[in-house]
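Novice: There's a structure below that I have some questions on.
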Amino acid sequence: MLRGRLGLETARIPHADRHGLVWLSRGQLIVADGTLQFCASGNGELSSGVYDIPYQGVSLLLLGPGVSLTHDVLRLCARHGTGIAAVGDNGTRMYTAPPRGPDHSAMARRQAVLWADPDSRIAMAIAMYAIRLGEAPPRADIAALRGMEGARVREMYKLMARQYGIPWEGRRYNRNAPEETSPVNMAVNHAAVATRAAAEIAVAATATIPQLGFIHEDSSISFALDIADLFRDEFTLPIAFQGYKRCVEDESLSLEREVRRLAGASMRRQGLIPAMIERIKEFFDAHDSRGHP
């Protein structure tokens with residue numbers, strides 16, 4: 001492709017017509033003749049070789065371990081509105097993402113409006129609790145909902161422990177003395193970190209505002225924590241207990257590494273991040289016709 005040919009150097013394709021996420025790991029991302037290319041070293045998913053990346057048709061490039069890139073890559077992606085995020089294996093960590101992404105601010109503005117009004121903020125929190133509880137909550141009091149959710153989660157821990165044949169003495173974690181945390185509780189922590197990373201990627205992909213959470217409030221990634229919690233039952237806890245059980249059966253395994261490996265494989269297989277993106281769109285009544293990724 002010739003630089004500037006047919007105006008492609010400055011053309012922008014709406015995000016509604018793009019294909020979402022592209023995962024890359026172990027290789028070099030460069031610009032050659034005006035085209036984005038990935039020189040893969042071979043990683044089990046992508047054979048070694050040089051691949052053209054259709055950057056104009058991608059909403060977000062997810063760069064995993066072992067990827068290096070040139071300054072020209074940043075320039076080209078910025079010009080065409082293609083986002084870049086540095087992530088861990090299969091998205092189990094979120095390291096950084098420049099503020100690039102969708103070519104609009106519709107969802108961010110809708111989020112800000114809903115968050116700024118006390119009534120709509122509570123309504124959104126209740127909607128999130130309804131998803132977590134599996135039914136419309138009988139009460140609109142946030143404190144009561146937190147109590148209901150807490151009781152439900154405690155039962156879910158017990159259910160998962162019975163399903164995997166693991167002794168369970170309750171969810172306990174001392175932030176001041178993490179070394180005193182039981183291995184099964186540490187497995188839950190490791191799985192939660194991976195789910196949180198997926199949610200951060202989804203928030204970056206939709207260009208929503210991470211600080212404006214509806215249930216969580218104090219964290220700089222409060223909204224990502226809101227989204228991560230929606231997937232606790234179907235993703236976080238199964239990964240945690242499965243990973244812990246495998247480490248019990250094979251003492252040579254590292255707990256954190258095994259949980260992270262399982263989380264990454266399941267994340268890609270189940271399409272966790274796209275599911276989170278769709279959930280965010282639903283919350284803010286946004287669809288591809290408005291140009292979302």
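Bear in mind these aren't lab numbers, they're just calculated from the coordinates by the rules spelled out. Just so it is clear, the structure is predicted and the values come from calculations on it, not from any experiment. So basically every Cβ, Gly included, is an ideal-geometry build from the backbone, and we count neighbours across all protein chains shown.
Novice: Tilt of helix 106-116 relative to the longest C-alpha principal axis of the chain, in degrees (0 to 90, nearest 10)?
Specialist: Helix 106-116 and the main axis of the chain meet at about 30 degrees.
Novice: Sum -39500 (n - 2.57) across every DSSP H segment of at least 4 residues in the chain, then divide by the residue count to get the 222 nm mean residue ellipticity, nearest 500.
Specialist: Values: 9 runs with 133 residues, N = 293.
About -15000 deg cm²/dmol.
Novice: Based on other C-beta atoms within 10 Å, arrange Leu74, Leu63 from fewest to most. Don't jump to the answer; show the numbers that get you there.
Specialist: On the way: Leu74 15, Leu63 23.
Ordered by Cβ neighbours within 10 Å, fewest first: Leu74, Leu63.
Novice: Round to the nearest 0.05 the FRET efficiency obtained for Ser41 and Arg79 when R0 = 25 Å and r is the Cβ-Cβ distance.
Specialist: Numbers: r = 27 Å, r/R0 = 1.09.
With a Förster radius of 25 Å, E is 0.35.
Novice: Return one number: the angle in degrees, 0 to 90 and rounded to the nearest 10, between the long axis of the Cα atoms of helix 71-80 and the longest principal axis of the Cα atoms of the chain.
Specialist: Helix 71-80 sits roughly 90 degrees off the main axis of the chain.
Novice: Which angle from 0 to 90°, rounded to the nearest 10, does the C-alpha axis of helix 272-283 make with the longest principal axis of the chain?
Specialist: Helix 272-283 and the main axis of the chain meet at about 80 degrees.
Novice: Over 10 Å intervals from 0, what percent of Cα-Cα pairs in region 106-290 sits in each interval?
Specialist: Pairs per bin, as whole percents: 9, 34, 35, 18, 4, 0.
Novice: Given the Cα-Cα distance of Met156 and Glu135 and 0.36 nm per residue of separation, how much length would full extension add, in nm?
Specialist: 6.0 nm
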